[in-house]
1. Calculate how steeply helix 17-28 sits against the longest principal axis of the alpha-carbon atoms of the chain, using the helix alpha-carbon long axis, and give the answer as 0 to 90 degrees to the nearest 10.
2. Bin width 10 Å, alpha-carbon pairs only: give the P(r) of the chain as whole percents, running from 0 to the bin holding the largest distance.
3. Taking the Cα centre of the chain as origin, sum charge times position over the Cβ atoms of Lys and Arg (+1) and Asp and Glu (-1), and report the length of that vector in debye to the nearest 20.
4. Once the mean 1/r over all distinct Cα pairs of the range 154-255 is inverted, what Kirkwood radius in angstroms do you read off?
5. Angle, helix 40-52 long axis vs. longest principal axis of the chain, Cα atoms, 0 to 90°, nearest 10?
6. Normalised by the residues of the chain, what does the relative contact order come to in percent, with Cα pairs under 8 Å and at least six apart?
7. Which percentage, to the nearest 5, of the DSSP beta bridges contained in the chain is antiparallel?
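Values quoted throughout were computed directly from the atomic coordinates according to the rules given, and no laboratory measurement underlies them. In this text the structure is predicted, and so the values were computed from the model without any measurement. Heads up, the Cβs are rebuilt from the backbone with ideal geometry, glycines too, and the neighbour counts pull from every protein chain shown.
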Amino acid sequence: MGRLEGKVAVITGAASGIGRATAQLFASEGASLVLADIDDEAGRMVEGAIRSSGGRAVFKHVDVSVAEDVKSMVEEAVERYGGLDILFNNAGVEGVVSGIADYPEEQFDRVIAVNLKGVWLGVKYAAPIMARRGGGSIINMASITGIVGYPGMSAYCASKGGVIALTRAVAVEYAERNVRINCIAPGTVETPMTRRIKSSLEKFPELSGVFAKVSPMGRPATPEEIARTALFLASDDSSYITGTCIVVDGGYTAQ
Ligand SMILES: NC(=O)c1ccc[n+]([C@@H]2O[C@H](COP(=O)([O-])OP(=O)(O)OC[C@H]3O[C@@H](n4cnc5c(N)ncnc54)[C@H](O)[C@@H]3O)[C@@H](O)[C@H]2O)c1
């Protein structure tokens, strides 16, 4: 029997990278899924791949920075599958790579809206529904950039630091109601986002240095390695863990 048999999970940013790998893993462990993303074409492909291998998944167009979208994403899970047990607030954007003096203000607003407000909205609408059902698990996507500074990524770092603090606050708020809320802080992961950031390194050499020493393990993480951490936090194996941040960085922040 799968580790998420009978569970209902919503994954944001499910069309690519870490979200897609997690969707595939959760489906193979028996969860029924709502796949949320702004990329309809790629999202429907993930939906199709999961269904053709016998899993249960439905794609829904959701912009996590829009309250109405997030609310209807949670309602979709409840209406289609009868409840919600797991939410992976994974959707995120990197913004531009630029020194703060030249960083466009509208890019700052967008990065905060998706990476921080999007997570806040997810918790806001999902946690009460989970509490009414007797509990649940919410996993928020942070990053080691919320713990250590990355030059040229001021908005992104601020958004991820915010996710870590937000996670603690709401975990304490919902602990008695058995809704566990944790976050994951990956180092560099081999995904389209990382490829986009790397392609802009020439414009900002200070950041190249950070990426040059990717981790003491000498390689980036695979999306599947992050998905397995999400599975641990989603499953009852982590039943006494709440309000924490699991760093998955091959030793980067241990240096
Ligand atoms: N790749 C890394 O090295 C790394 C490291 C640490 C943390 N993260 C975080 O992991 C998460 C996933 O990143 P990834 O590397 O898989 O990136 P990715 O770009 O491959 O996937 C991100 C997905 O989020 C979706 N998305 C973007 N804005 C959205 C919005 N407003 N509403 C709904 N969906 C939206 C995109 O369409 C895409 O499918 C992000 O929060 C990212 O910040 C990534």
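1. Tilt relative to the chain: about 20 degrees.
2. 8, 33, 37, 18, 4, 0
3. Values: 25 positive and 29 negative charges, 93 e Å.
Magnitude of the dipole: close to 440 debye.
4. Details: mean 1/r = 0.0657 Å⁻¹.
One over the average 1/r among Cα pairs gives 15.2 Å for the range 154-255.
5. For 40-52 against the chain, the angle is about 50 degrees.
6. Values: 540 pairs, mean separation 49.6, N = 255.
In percent, rounded to a whole number, it is 19.
7. Details: 0 of 29 bridges.
Counting only bridges with both partners in the chain, antiparallel ones make up about 0 percent.
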